[in-house]
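Presented below is the structure to which this report refers.
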Amino acid sequence: QVQLVESGGGSVRPGGSLKLSCVVSGVSFNSYTMGWFRQAPGKEREFVAARRATGYIHYADSVKGRFTISRDNAKNTMYLQMDRLNADDTAVYYCAAGQVITSTLRDPQYWGHWGQGTQVTVAS
């Protein structure tokens, strides 16, 4: 019954912003680490950001200062605010949930639950 549903993807101009949402059901939202990954054409899935239940946040170097991860426990929803987008951000974005340790947090193989993905396209 675990389900993650993303929304908010779309097309945006360089320098623009998008906000992704991920509604989670079937897991203890308050005790799970929630994260975002992305996969561009021809590339491996890569870590973007994660937020632990404690509030500790991790970001990939490529998005630090531009992306902000947050969660609303009352709504069982995780968000990814993406600002100052550029062409390199174009990818399918996936939300994920799991109980992962710090050393494996950036490895998608250690995350147990995934959404279907939402396309983000940054182009003029």
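The set of residues in region 59-85 that are open to solvent by less than 40 Å² (accessible area, probe 1.4 Å) and not in a strand (DSSP E or B) comprises Ala60, Val63, Arg66, Leu85.
Just a yes or no: is a residue in region 14-25 at pLDDT below 95, surrounded by 14 or more Cβ atoms within 10 Å (Cβ to Cβ), within 22 Å of Asp107 (Cα to Cα) and of a type outside the set (S, T, N, Q)?
The answer is yes, given that some residue of region 14-25 is at pLDDT below 95, surrounded by 14 or more Cβ atoms within 10 Å (Cβ to Cβ), within 22 Å of Asp107 (Cα to Cα) and of a type outside the set (S, T, N, Q).
Screening Tyr56, Tyr110 for residues that are surrounded by fewer than 20 Cβ atoms within 10 Å (Cβ to Cβ), free of Cβ contacts under 8 Å to residues at least 12 places away in the same chain and not small (Gly, Ala, Ser) leaves exactly one candidate, Tyr56. Filter region 1-13 for residues that are part of a strand (DSSP E or B), of a type outside the set (A, V, I, L, M) and open to solvent by 30 Å² or more (accessible area, probe 1.4 Å); which is farthest from His113 (Cα to Cα)? That would be Ser11.
Considering each residue of region 86-106, count those that are among the charged types (D, E, K, R) and open to solvent by less than 50 Å² (accessible area, probe 1.4 Å), and give that number. Here the count works out to 1.
The values are calculated or read from the model by the stated rules, or taken from the named source; none is laboratory data. Please read these numbers as outputs of a predicted model, since none were measured by experiment. Neighbour counts run over all protein chains shown; Cβ positions are idealised from the backbone, glycine included. Please note that ligands, DNA and RNA were not included when accessible areas were found on the heavy atoms of the full protein model with its side chains. Shrake-Rupley method; radii C 1.70, N 1.55, O 1.52, S 1.80 Å.
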